[in-house]
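Let me begin by presenting the structure, written as structure tokens, before commenting on it.
Laboratory data are not the source of any read-out in this text; all were calculated from the coordinates shown. Keep in mind it's a predicted model, so treat the numbers as computed, not measured. No Cβ is skipped: glycine too gets one built from the backbone with ideal geometry, and neighbour counts run over all protein chains shown.
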Amino acid sequence: MAETVSRSLSEELFALLQKERFITLGTIDHESGAPSLSSLSWTFAPNVESIRFAVDNRSRILANIAKEPQVVLHLIGAGSSFAINGKAVLKTERLEEVPLKLAMVEITIEAIRDIMFYGSRISVEPQYEKTYDKNAAAKLDNQVMAALKNAK
């Protein structure tokens, strides 16, 4: 598919980011300077120009973005594969409404590119399942997503 560039989320991508979903995050490692990938699930778009995510407040991701805030999110959905580039900022060191010590990062979107290879489309989106107590997972997920949605 031809690369398309936008500075904000389409209606379809915005809708996908209204609930928890699998996304990968690319940062630059603060020690080695090498590319670093992480998987995320607690993600939320409060508007079409930014995306928030929650991560353990001891995560290497936070040290990486403190040194180099330019990041890329990889989102698979809406029949394609998207690279979302932006600048990440630590907004909250500790989400108070959540029992785990989670930080909230917000990315201001600078560019969105359709990076799917020519002549193809995504027919099945990535799926995952929680491997610990389902009720505890659902409760925690609800708490984290509510905190991301309600953050100022």
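Things worth noting here:
- Entry remark, the stretch 29-60: residues being closer than 23 Å to residue 12 by Cβ and part of a strand (DSSP E or B) number 11 in total.
- Cβ pairs under 9 Å, 6+ apart, first in the stretch 67-83 and within 14 Å of residue 110 (Cβ to Cβ), second among the β-branched types (Val, Ile, Thr) and outside any strand (DSSP E or B): 71/61; 71/65; 82/115; 83/115
- Enumeration of residues in the stretch 14-59 that are farther than 13 Å from residue 71 by Cα and of a type in the set (D, E, K, R): 19, 20, 21, 31, 49, 56, 58
- Qualifying residue in the stretch 22-35 (condition: over 13 Å from residue 108 (Cα atoms), crowded, with 18+ Cβ neighbours inside 10 Å and touching a Lys or Arg at 6+ places or on another chain (Cβ under 9 Å)): yes
- Note on the stretch 8-28: residues that are assigned to a helix (DSSP H, G or I) and in contact with a helix residue (DSSP H, G or I) (Cβ under 7 Å, 6 or more places away or on another chain) total 0.
- Picking from residues in the stretch 116-142 that are exposed (fewer than 13 other Cβ atoms within 10 Å of the Cβ) and among the hydrophobic types (A, V, I, L, M, F, W, C), the one that is nearest to residue 18 (Cα to Cα) is 138.
- Number of the exception - residue 52 against (1) over 28 Å from residue 131 (Cβ atoms); (2) crowded, with 18+ Cβ neighbours inside 10 Å; (3) of a type in the set (D, E, K, R): (1)
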